[in-house]
Amino acid sequence: MAKVRVEYLCRECGARFPKWSGQCADCGEWNCLEEAAAPTQKADTGSRFAGYAGESAITSASDITLQEEPRTTTRLSELDRVLGGGLVYGSVTLLGGDPGIGKSTLLLQCLANLSAANKTLYVTGEESLQQVILRARRLNLPEQDLRLLTETCVEKVIALAAQEKPQIMVIDSIQTIYTETLQSAPGSVSQVRESSARLVRFAKQTGTALFVVGHVTKEGALAGPRVLEHMVDTVLYFEGDPSSRYRVIRAVKNRFGAVNELGVFAMGEKGLQVVSNPSAIFLSRHPQPVSGSVIMVTREGTRSILVEAQALVAESHLGNPRRVTLGLEQNRLSMLLAVLHRHAGIAMFDQDVYLNVVGGMRISETAADLATIFATLSSFRDRPLDANLIVFGEVGLAGEVRPVSNGEERLQEAAKHGFETAIVPHANLPRKPIPGLKVTGVNRLAEALDLLD
Ligand code: TYD
Ligand code: MG
């Protein structure tokens, strides 16, 4: 019998090594190498090109005729939006998110909606059939055509699916699925990688639209190697503050649509409901103005959304004061505090700074810079800002305020929600005045701060 060669795979980045070591030489993570079976190599037959001829044929680009990908609506408009205008048959979508955020609920609703016009199959390795059906009945979903399977062996799932021929299939979750060809436990990198590869191949060959649920590690990345993200067509992340009812789905990769598109849902008695006009749900309404709170306008895909940033600045007794951010990047806060020190002479080296985006939103765009600075300063001085003020703009290391994309749309959105004043980068001043909104443009951070006094 041929000896099975083993290799070691990094759980974090998927890099392969012939030997085990304590640290991954690729990504630098510790204790992340796992044993896996190495792929077998073909025997060398002499000629450089021998043994390569397969059954595929090479096509010239001009011979290819284009056709629209066949799509179907999921009847959840916000899910359609992040998928790029509906679900594409034959596509593979990975849905990641914290436990309990609503992944199973969303996919069950989506599948039940689709089951009237499509053959569907819901494969669950986490819940019993009773649990799934109990939920479907409680949510009043049209479940009579829904087909269910509890199975965790990928070969059996694929064999049954090949008989059933579903058009849409859900795997909940990939971490419970294993292949018989590998010895390692379900959920390990090699299992996740190998089982997904088989499922993806099945979906592509049969034109099945496949949803795969993936768990998220405590750092917020999808558990299993990053290669999982490369294998699929679309990667969606489910985010949200567990204590709030709003949930956000973000497309971080999409071969069939725009990325960074956002879908907003509210979790309620009847499962997840779409929120088609989410602009102002991420604001907390204070009865009177409070210090440290600033409203900004962020762009998510094709939408402007009003979001509240809150800061708390408190005297620090630590050698290294704390810089804690939730929903914004921590390094960005440290950088902005340095800019504030250098260009406005306001030092916070003896202060702890906490920054939070209300409602569990995560903001990655630099348009939040000016709001970050305003919120921090407002808390530092314990001076509330005008409750009808909105701000946005990028702040550079030289103390300049740089314009951001879609300035006019952001201002329109703010005006629509009754905001009366805005402080924005000078280059983002609207060409025509916006009724009800007094907009002030600034070029330098110092000018912006003067407006606060
Ligand atoms: P679930 O879909 O099981 O999460 P995941 O699959 O991502 O782990 O979500 C379950 C959570 O949602 C659970 O905490 C209860 C809550 N929930 C509601 O509030 N209302 C509902 O109608 C349903 C079905 C769930
Ligand atoms: Mg679940």
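Rule-based calculations on the coordinates, nothing more; no lab input. Here the structure is a predicted model, which means the values were calculated and not measured. As a convention, Cβ positions derive from the backbone with ideal geometry for all residues, glycine included, and neighbour counts pool all protein chains shown.
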At 7 Å along the Cα-to-beta-carbon direction for both ASN388 and SER62, put a label point, then send me their distance in nm to one decimal. 6.5
Nearest 10 degrees, 0 to 90: what angle lies between the long axis of helix 407-416 and the longest principal axis of the chain (Cα atoms)? 70
Cut-off 10 Å between beta-carbons: net charge of the residues surrounding VAL154, Lys and Arg +1, Asp and Glu -1: -2
Of GLN351, PHE282, VAL294, farthest towards positive along the dipole that unit charges on Lys, Arg, Asp, Glu beta carbons give region 247-356: PHE282
Sum -39500 (n - 2.57) across every DSSP H segment of at least 4 residues in the chain, then divide by the residue count to get the 222 nm mean residue ellipticity, nearest 500. -7000 deg cm²/dmol
For GLU413, net neighbour charge (Lys/Arg +1, Asp/Glu -1) across residues whose Cβ lies under 13 Å away: +1
Between 0 and 90°, nearest 10: helix 369-380 axis offset from the chain longest Cα axis: 60
Please give the helix 189-206 orientation as an angle from the longest Cα principal axis of the chain, in degrees from 0 to 90, rounded to the nearest 10. 80
Under 4.7 Å Cβ to Cβ, no partner at all: give me those cysteines from the chain, in residue order. CYS32, CYS110, CYS153
Explain nothing, just the number: relative contact order of the chain, from Cα pairs under 8 Å at least 6 residues apart, as a whole percent. 12
Could you tally up the Lys pairs in the chain with alpha carbons closer than 28 Å? Skip any pair fewer than 8 positions apart unless they're on separate chains. 26
Beta bridges by DSSP in the chain, antiparallel share as percent, to the nearest 5: 55
Trypsin sites (Lys or Arg not before Pro) in region 306-336 lying in a DSSP loop, each with at most 12 other Cβ atoms within 10 Å of its Cβ, come to ARG322
Potential lengthening between LYS165 and ALA185 on full extension [0.36 nm per residue; Cα-Cα distance subtracted]: 4.3 nm
